[in-house]
Amino acid sequence: MAKDQEKIVTAIILAAGPSSRMGQSKQLLQANGEALLRLVTRVTCESNATHTLVVLGQNEQIHGRIIRDLPVFHCVHSGWEKGMGSSLKAGMEFVRSFLPTTQAVIVLVSDQPLLTTDHLNLLIEKYVTDGKTIVASGYAGILGVPALFDAIHFESLQAVDDTHGARQVIENHKPNAASIEFAGGSVDLDTPEDYQQYQASMKVQEEVRRQVTP
């Protein structure tokens with residue numbers, strides 16, 4: 001969705017993978033009352049990113065249906081089995097071919113249920129005001145995704161290893177990277193245990209809200 005801002009920023013949501021450790025499509029897991037992929041995509045569409053691109057792969061028809069009413073571009077990556085890096089490269093190729101005026105990209109994954117529009121907007125604001133060419137999310141002692149990359153890094157993003165992702169580029173260009181703390185960044189749903197812990201945490205938070213609400 002186009003937004004009024006100084007920079008043309010395209011958000012790329014990587015959602016092509018097979019969820020092998022989860023044993024089922026994690027994109028379809030319920031998170032805060034909606035499918036996880038829909039939640040991440042909706043939050044991104046509501047941010048100040050100019051465009052949102054979703055890279056689909058395995059189960060692309062099912063996953064595409066749950067976001068079909070959202071204002072997004074779709075890219076179907078036939079080589080999704082090669083790894084996250086290959087999906088990132090497919091997304092970057094789509095941007096190069098169909099969204100060539102893009103000045104920066106935000107690389108996201110589809111399994112961070114605590115992602116917020118405010119966090120994405122802070123990444124963009126930091127990029128616009130500070131002049132750093134990378135703005136990454138800080139959590140669990142690392143710099144990771146969501147992460148914003150200026151066009152100067154597009155070639156590097158298109159050259160990542162198939163089995164690696166955007167963190168490879170962040171590590172290689174740390175002097176150019178700023179960070180925004182993402183308290184919920186370490187919560188990603190890769191395994192059934194991750195999902196159980198997330199559900200338990202949400203139940204605790206809901207119970208606390210009930211107790212403090214008059």
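Between the C-alpha center of region 128-206 and that of region 37-91 there is a gap of 17 Å. For region 9-188, a simple Cβ point-charge model (Lys and Arg +1, Asp and Glu -1, everything else neutral) yields a dipole of about 220 debye relative to the Cα centre. The list [x] 0.98; [y] 1.09; [z] 1.20 gives values of Cα Rg over 2.2 N^0.38 Å, and only one came from this structure; which label was calculated from it? It is the one labelled [x]. In terms of surrounding Cβ atoms within a 10 Å radius of their Cβ, Thr44, Thr116, Thr10, Thr163 rank from fewest to most as Thr163, Thr116, Thr10, Thr44. Net charge in the neighbourhood of His74 (other residues with Cβ under 12 Å of its Cβ; Lys, Arg +1, Asp, Glu -1) is +1. Each of Cys45, Cys75 was scored by other Cβ atoms within 10 Å of its Cβ. Arranged with the fewest first, they read Cys45, Cys75. Listing Ser97, Ser137 from fewest to most neighbouring C-beta atoms within 10 Å gives Ser97, Ser137. Restricting to region 9-188, compute how many DSSP beta bridges are antiparallel as a %, nearest 5. Looking only at bridges with both residues in region 9-188, the antiparallel portion is about 35 percent.
Summed over qualifying helices (DSSP H, 4 residues or more, each -39500 (n - 2.57)) and divided by its residue number, the chain shows a 222 nm mean residue ellipticity of -11000 deg cm²/dmol.
Take the Cβ atoms of Phe73 and Asp161, set R0 to 25 Å, and the FRET efficiency comes out at 0.50.
The GNM of the chain, with springs linking C-alpha atoms under 10 angstrom apart, assigns the highest mean-square fluctuation among Gly85, Gly33, Gly144 to Gly33. The mean sequence separation of alpha-carbon pairs under 8 Å and at least six residues apart, normalised by the residue count of region 9-188, gives a relative contact order of 25 percent.
In straight-distance terms, cross-link reach from Lys7 covers every one of the lysines whose alpha-carbon lies under 21 Å from its own, apart from those fewer than eight places away in the same chain; here that gives Lys126, Lys132. Once a ≥ b ≥ c are taken as the square roots of the eigenvalues of the Cα gyration tensor of region 126-204, is the result rounded (a/c under 1.5), prolate (a/b larger than b/c) or oblate (a/b not larger than b/c)? Oblate, because a/c is 1.5 or more while a/b does not exceed b/c. Within a straight-line Cα-Cα reach of under 28 Å, Lys82 can be paired with the following lysines, leaving aside sequence neighbours fewer than 8 residues apart in one chain: Lys26, Lys174. The residues packed around Asp150, meaning those with a beta-carbon under 10 Å from its beta-carbon, carry a net charge of +2 if Lys and Arg are +1 and Asp and Glu are -1. Beta-bridge orientation, region 1-115: approximately 10 percent antiparallel, per DSSP, counting only bridges with both partners inside.
FYI, it's all coordinate maths here, none of it is from the lab. In this text, all values refer to a predicted model and were calculated from it rather than measured experimentally. A quick note on method: Cβ atoms are made from the backbone with ideal geometry, for glycine too, and the neighbour counts reach across all protein chains shown.
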